[in-house]
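The values are calculated or read from the model by the stated rules, or taken from the named source; none is laboratory data. Just so it is clear, the structure is predicted and the values come from calculations on it, not from any experiment. Cβ atoms come from the backbone with ideal geometry, glycine included; neighbour counts cover every protein chain shown. Each accessible area value is taken on the protein alone, full model and side chains, heavy atoms only, with ligands, DNA and RNA left out. Shrake-Rupley method; radii C 1.70, N 1.55, O 1.52, S 1.80 Å.
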Amino acid sequence: MPSPSRRAIVVPALVGIIASASLQQPSLPRSPSAVILAAEQAVASHRAAAVRQDWLARLRHDPSNRLARLGVASFARLAYDYAAADSFIAPLLTRPGGRPDSIAAWARIEAGLSAGQQWRIRDADSLFALAASEGAMARDGSAEGGAMTRLALIRGRTQGVDAGLRL
């Protein structure tokens, strides 16, 4: 049995180690908007490699994990790897005749962001307009609003401020 003085040193040290390890463990948020935000924050805080690897491992373990797929697509877009972003996004998009959900709407926003980063402004406009309607159909106000905001910015730049403000 360790002495009380030794326990007084060891226990706080173990608690600190466990707490710091849990803070460093990348986790996958539970909503599509939070996944995209987490990817952006990981890039900004120079933790992208660790978080991306965790999400890729989750996707390999469970290929049907749509949130992990969306996160990996976000990392690809943020790294300007548009081919990879498109390949990860494609299975998330709503098929013709299908009913969109929040993940599909946010995947469409990711596709619009990718198009915009490549200066494909007409494509981005179309993708954001579609994402807004998909967000509304999925009853995801954050997706609908996020898509409308981005669409308003594009239209304000391409069609004039009044067109953007109307949105």
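Miscellaneous remarks
- Filtered residue count, the stretch 69-108, keeping only those that are without any contact (Cβ under 8 Å) to a residue 40 or more places away in the chain and within 19 Å of residue 41 (Cα to Cα): 11
Each row is one residue, and each column tells you yes or no for (1) aliphatic (A, V, I, L, M); (2) at pLDDT 95 or above; (3) more than 13 Å from residue 110 (Cα to Cα); (4) open to solvent by 80 Å² or more (accessible area, probe 1.4 Å).
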| position | (1), (2), (3), (4) |
| --- | --- |
| 13 | yes, no, yes, no |
| 20 | no, no, yes, no |
| 56 | yes, yes, yes, no |
| 78 | yes, yes, no, no |
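- Evaluation of residue 133 against the conditions (1) assigned to a loop (DSSP other than H, G, I, E, B); (2) open to solvent by less than 70 Å² (accessible area, probe 1.4 Å) shows that the sole unmet condition is (1).
- Of the residues making up the stretch 26-45, those that are open to solvent by less than 30 Å² (accessible area, probe 1.4 Å), within 8 Å of the chain's Cα centre (by Cα) and aliphatic (A, V, I, L, M) are 35, 36, 38, 39.
- Scope the stretch 109-125; condition in contact (Cβ under 8 Å) with a residue 12 or more places away in the chain and either out of contact with any Asp or Glu (no Cβ under 6 Å at 6 or more places or on another chain) or assigned to a loop (DSSP other than H, G, I, E, B) (or both); matching residues: 109, 110, 111, 112, 113, 114, 116, 117, 118, 121, 124, 125
- Selected residue (only one of 102, 114 is closer than 18 Å to residue 149 by Cα, among the polar types (S, T, N, Q) and touching a Phe, Trp or Tyr at 6+ places or on another chain (Cβ under 6 Å)): 114
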